[in-house]
Amino acid sequence: MRLCKTLRVLCTLYIVHCTWSIHAQTMVYLERSETLSYDEQRIAHAQILNGNVLFRHEEALMYCDSAYFYEGRNSLDAFGHVRLVQGDTLLGFGDKLFYDGNTKMARLRRHVRLIHGKAEENPTVLTTDSLNYDRAAGIAYYYTGGTVRDSLNTLTSVRGSYRPDSKEAVFSKEVRLENPKFTLTSDTMLYNTETKIAGIVSPTDIIYEQETDIHSSRGWYNTHTEQSMLLDRSVVHHQEGRFMTGDTIYYDKRIGFGEVLGNMEMTDSAQHVTLYGEYGQMWEENSRGYATDSALMEDWSDTAHITYIHADTLFTEEQHYTDSALTDSTYRLVRAYYGVRVWRNDAQMVCDSMVYWSSDSTMHLYINPICWSENQQMSADSIIVYIVNGTVEHAFGSGTALCVMEDTLGYFNQMSGKEMTMTMVEGEVKTIDMSGNALTVYFPKESDGDFVGLNTTESSFIRIYVENRKIHHIRFTKETTGVLYPMDQIPYGGEKLGLFFWADDQRPLNANDVFRTIVKN
């Protein structure tokens with residue numbers, strides 16, 4: 001009894017399924033034909049139709065010159081001037097059409113065109129030699145090469161698909177998008193014919209003639225507005241050797257603006273400058289750049305003396321000048337703010353803010369600046385460092401100037417005054433000039449290296465000559481006064497000037513050390 005009941009249920013379900021399938025498969029109807037004939041030996045089970053043939057299946061109309069109609073199989077083969085019309089926005093043309101009314105699959109062959117949209121609205125046109133249109137799924141696809149044209153772009157590929165309802169297309173293998181302004185090439189690409197947005201899903205190159213190249217593997221590019229979102233270390237490369245890259249790039253080609261998030265890198269190869277940071281912005285006009293969050297500028301104009309500048313915020317831009325000879329020159333201006341730390345192999349610096357001019361190769365340091373070279377430390381209210389032929393030639397400090405030279409046994413030679421100039425040759429300090437109430441505290445030595453005592457002087461001007469990181473001799477003005485104390489008679493506190501401080505713990509030790517945070521007591 002239980003088995004019989006189960007069999008009755010299964011039979012009922014089968015009958016319901018069959019009934020649903022019959023109703024789901026709507027019939028193809030022959031609307032007209034000039035002639036109708038049969039030839040069972042040549043074309044079995046087919047109506048042979050000729051002249052002004054028209055079929056209807058649901059809302060789709062199919063026109064042709066001749067056809068074989070397999071009414072029992074609910075399918076047809078159409079030939080000559082084939083036209084498929086679906087609604088008022090989709091037209092298909094070809095030399096042949098094979099249509100299955102059960103699966104709603106239309107196969108158009110030879111000289112195929114699929115037009116989507118009204119003629120007055122610049123419709124999308126797909127041309128190929130072989131096209132399958134799945135009316136049930138609402139998707140048309142080709143696999144032997146095709147072209148899609150809309151109001152703005154022309155796209156070609158070996159394989160492609162298009163959904164009229166969503167206006168979305170997928171192209172693969174030898175994809176090429178032609179735009180009046182640029183050319184896009186890729187292996188696989190998504191595209192929307194309404195929004196004109198290209199979806200980047202594989203290595204893609206977007207080339208503007210003599211302007212900008214974009215290289216990306218993931219993201220999107222709006223071919224109408226020329227705005228893009230580029231992911232996965234994409235690269236935007238500009239003329240004259242400028243490029244930017246990062247984890248995520250928002251780029252607006254029309255206004256020449258880029259915004260980078262994560263591992264930003266902006267390089268100007270003409271000016272030999274690279275800007276790094278976790279966040280930054282770029283303006284193509286005057287090659288302006290901005291970086292923050294682990295911001296770093298690398299000046300590699302002289303590879304023997306690369307300059308690394310770190311600050312909380314870095315700005316860089318080109319400056320254009322025309323000299324008296326009417327010769328145009330381009331220089332770079334760099335501004336650094338808050339927590340500035342600089343490392344070069346011939347000098348190191350810290351300060352609160354800094355301005356660097358490549359026009360005269362000067363670095364202007366403001367608010368608590370300190371410079372180091374070898375065993376010398378220089379500080380003042382403000383300092384200007386001059387770079388000649390890639391190396392630091394001299395530094396000038398004004399206002400509360402102090403120079404400290406570390407000697408052996410924990411002793412420090414010191415100079416202070418209102419203005420100070422330190423000159424260098426090939427990275428070695430040669431002279432130190434101090435003017436304006438110049439004070440010195442230094443420890444002269446015997447020829448065998450033993451300390452003689454402590455010498456303190458006061459003068460309007462003092463020049464110290466340095467050899468091999470040691471004081472060789474000192475020149476004073478005639479009005480100089482001073483005292484020499486034997487080593488065992490140095491007064492308490494007399495070994496240091498009132499301005500003395502030694503900030504070696506703040507000194508950048510290498511290129512990576514510019515990121516070290518200094519905690520001041």
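Every number here is computed from the coordinates shown, using simple stated rules; none is lab data. Values in this document were obtained by computation on a predicted structure and should not be read as measured data. Reconstructed Cβ throughout: ideal geometry from the backbone, glycine too, with neighbour counts over all protein chains shown.
I need the calculated FRET efficiency for the pair T303 and E393, taking r as the beta carbon distance and R₀ as 22 Å, to the nearest 0.05.
0.75
Any of K118/K167; K173/K253; K173/K196 with alpha carbons more than 25 Å apart? Name them for me.
K173/K253
Which entry in (i) 80, 56, 53; (ii) 121, 54, 52; (iii) 131, 81, 34 is this structure's computed Cα extents along the principal axes in Å?
Answer label, from the structure shown: (iii).
Is the shape of segment 92-158 best called rounded, prolate or oblate, per the rule: a/c under 1.5 gives rounded, else a/b larger than b/c gives prolate, else oblate, with a ≥ b ≥ c the square roots of the Cα gyration tensor eigenvalues?
The shape class here is prolate.
Give the calculated FRET efficiency between Q489 and E374 to the nearest 0.05, with a Förster radius of 25 Å applied to their Cβ-Cβ distance.
According to the calculation, E is roughly 0.20.
Under 26 Å Cα to Cα from K478, which lysines show up? Leave out anything in the same chain fewer than 8 places away.
Of all the lysines, those that pass the test against K478 - Cα under 26 Å, at least 8 places apart if same chain - are K418, K430, K445, K470, K496.
Find, among the GluC sites (Glu not before Pro) in segment 51-135, those assigned to loop by DSSP (not H, G, I, E, B) with at most 16 other beta-carbon atoms within 10 angstrom.
Here the GluC sites (Glu not before Pro) that fit, given the DSSP loop and packing criteria, are E58, E59.
Could you tell me which of T456, W357, Q414 has its Cα farthest along the dipole of the chain towards the positive end, charges placed at Cβ (Lys, Arg +1; Asp, Glu -1), taken about the Cα centre?
W357
As I understand it, the dipole of the chain uses +1 on the Cβ of Lys and Arg and -1 on the Cβ of Asp and Glu, about the Cα centre. Which of T517, T245, F55 lies farthest toward its positive end?
F55
By how many degrees, between 0 and 90 and to the nearest 10, does the Cα long axis of helix 2-24 differ from the longest principal axis of the chain?
It is inclined by approximately 90 degrees.
Using 1/(1 + (r/R0)^6) with R0 = 56 angstrom and r between the beta carbons of E58 and N286, what's the FRET efficiency to the nearest 0.05?
0.35
Positive end of the charge dipole of the chain (Lys, Arg +1 and Asp, Glu -1 on Cβ, about the Cα centre): tell me which of A311, I206, T431 has its Cα farthest that way.
The one lying farthest along the dipole's positive direction is I206.
How high is the relative contact order of the chain, in percent, with contacts defined as C-alpha pairs under 8 Å that are six or more residues apart?
4
I need the GluC sites (Glu not before Pro) found in segment 163-211, filtered to DSSP loop residues with at most 14 other beta carbons within 10 Å of theirs.
Loop-located and lightly packed - E194, E209, E211.
So if each residue of separation counts as 0.36 nm, and I subtract the Cα-Cα distance between K118 and R176, what length gain in nm does that give?
18.3 nm
Mind listing the long-range amide H neighbours of A270? Cut-off is under 5 Å, sequence gap 5 or more, other chains count too, H placed in the peptide plane at 1.01 Å from N.
Amide H neighbours of A270: none.
Using alpha carbon centroids, what distance separates segment 369-398 and segment 147-206, in Å?
Result: 57 Å between the Cα centres.
Please compute the modelled spin-label separation between T103 and T35, points set 7 Å along Cα→Cβ, answer in nm with one decimal.
About 3.2 nm, to one decimal.
Among the trypsin sites (Lys or Arg not before Pro) in segment 84-124, which ones are in a DSSP loop with at most 11 other Cβ atoms within 10 Å of the Cβ? Mind listing them?
Within segment 84-124, the qualifying trypsin sites (Lys or Arg not before Pro) (loop, at most 11 other Cβ atoms within 10 Å) are K118.
Ranked highest first by average number of other Cβ atoms within 10 Å, how do 359-368, 475-484 line up?
Ranking, from highest mean packing down: 359-368, 475-484.
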